[in-house]
Amino acid sequence: MKALILTDLRKGHENQSIAFCEIMGFKYELCNVSYSNKFFKLLSYVLDFFGILIKIFNIQNKDFQNFDFFVGAGSQTYYALKFLSKKYNKKNIALMYPKGYKKDFSFIVATSHDNPKKAENIKVLPVNLNFLKPQNFYKPSKKAIGFIIGGNNKNFIMNDEILEKIDEIRDFFKDYEFLITTSPRTPKKIESALIQKKFDFSVIYSKNPINPISDFLSDCEFVFITIDSVSMISEAVCNFSANIAILPLSRQNEKENKFDRFIKNLQKGGYLQIYSSPKNLQKTAKINLKNLMKDIKL
């Protein structure tokens, strides 16, 4: 079977669509979709509410009839999924929970922290869809510890406490190699401080925008990840063999958020642990997304 992936060019959304096809064993092509302005995007919600499907979006020219179904993640793709599905009499698959749109897609794959409603056409997963392959950017020569450092968002603030935690972990694992990667959201002050520290392998994203996460997860005994990224944590608890520990960050407020729900669910299943001390670290389990999705029939 062959899927046409509608992409809004946001890597986080596009990668989930690719992961869906890889896990399900489907061939796929990418197809860009967008709106000319915000008015048409807002109009899509209204038209969807009334069941009216007309072409108010921009889309690459493809031979749409040659695909078995259409897949998309992100709000810019959902209305186009419905339009193409109806016009070409093909199934559509919405990834992530399509808030604001009617849930009458052929199938929806949602994550539990978005609190999706129960329905026959909705598959709920504990993590974002993801699929990693080794990149071979670096191979440790002995046992290794990895650090995956995110940054600020509307729920968390990264400050110097993260540097203190890294130093504490490094002091405990004295005979290990240390690998670190930052992200596009890592504060420049933190990046500068990390550059001053000696790591056996380091990726400062603002200077070298590559993604070595798969290598960390396959070659490290423990990988420490900051709490601020659902996508990075999803990848960590699903792929390769590293044990996963979450590094807490200062909070913007004390109100429970989606990250809290996400982390609590994974901690309950033994897929990660909240870091408190290097002496308390334990082994963690892995989620097999292929097994979770084997009951999806398209």
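The values are calculated or read from the model by the stated rules, or taken from the named source; none is laboratory data. These numbers were taken from a predicted model, which means no experiment stands behind them. We place every Cβ from the backbone using ideal geometry, glycine too, and count neighbours over all the protein chains shown. With ligands, DNA and RNA removed, areas are computed over all heavy atoms of the protein, side chains included. Shrake-Rupley method; radii C 1.70, N 1.55, O 1.52, S 1.80 Å.
Structural remarks
- Within the stretch 168-197, the residues that satisfy the criterion of being under 22 Å from the mean Cα position of the chain (by Cα) and hydrophobic (A, V, I, L, M, F, W, C) are 179, 180.
- Only one of the listed residues (261, 251) is within 20 Å of residue 124 (Cβ to Cβ) and open to solvent by 20 Å² or more (accessible area, probe 1.4 Å). That residue is 261.
- Scanning the stretch 97-111 for residues that are touching a residue at least 60 places away in the same chain (Cβ under 8 Å) and assigned to a loop (DSSP other than H, G, I, E, B) yields a single hit, 106.
- Hey, residue 71 touching a Cys at 6+ places or on another chain (Cβ under 9 Å) and within 24 Å of residue 41 (Cβ to Cβ) or not: yes
- Strands (runs of 3 or more DSSP E) fully within the stretch 112-181 counting 1 or more residues that are modelled with pLDDT of 95 or more and open to solvent by 40 Å² or more (accessible area, probe 1.4 Å): 122-125
- Which numbered condition residue 210 fails, given (1) surrounded by fewer than 16 Cβ atoms within 10 Å (Cβ to Cβ); (2) of a type in the set (A, V, I, L, M); (3) without any contact (Cβ under 8 Å) to a residue 40 or more places away in the chain: (3)
- Looking across the stretch 89-103, the residues that are surrounded by 15 or more Cβ atoms within 10 Å (Cβ to Cβ) and over 16 Å from residue 28 (Cβ atoms) come down to 96, 97, 98, 101, 103.
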